[in-house]
Amino acid sequence: MNANELTQIAGLVADVARLIKTELASNGTVSTAADQIVVSISRFEVEHRLGNLLQQIYQKVDLHFPVRKEHLSLIIRDVEGAYENCFKIWKSA
């Protein structure tokens with residue numbers, strides 16, 4: 001992978017992170033680390049809304065970034081540190 005491709009991936013990760021932050025509003029924090037998107041939300045949100053949240057994220061990413069050349073890594077954790085799950089946002093076909 002050349003430097004240009006790495007820059008494009010980093011840009012996509014940053015753009016998707018901003019999109020997710022907009023969707024979460026004040027319900028959590030979003031950051032990036034090593035080309036991964038890290039979402040921290042309350043334990044209640046993880047335990048009761050994780051499926052809905054994932055579906056919402058996947059739909060918004062597909063809507064706003066329909067063409068993706070690389071898979072994205074999404075980590076969702078609770079702020080207390082009890083849960084941490086890693087998910088993939090698959091590249092477009």
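The values are calculated or read from the model by the stated rules, or taken from the named source; none is laboratory data. Keep in mind that this is a model prediction, so the values were computed, not measured. Side chains included, ligands, DNA and RNA excluded: accessible areas come from the protein's heavy atoms. Shrake-Rupley method; radii C 1.70, N 1.55, O 1.52, S 1.80 Å.
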Task: At q = 0.12, 0.14, 0.17, 0.19 Å⁻¹, base-10 log of I(q)/I(0) for the chain (Debye sum, equal scatterers on each alpha carbon) - done: -0.35, -0.48, -0.69, -0.86
Task: Share of carbon and sulfur in the accessible heavy-atom surface of the chain [1.4 Å probe, %] - done: 52 percent
Task: Angle between the chain longest axis and helix 43-64 axis [Cα atoms, degrees, rounded to 10] - done: 30 degrees
Open item on the list: Run the helix sum for the chain: -39,500 (n - 2.57) per DSSP H stretch of 4+ residues, divided by residue count, reported at 222 nm to the nearest 500 deg cm²/dmol.
Closed with: -16500 deg cm²/dmol
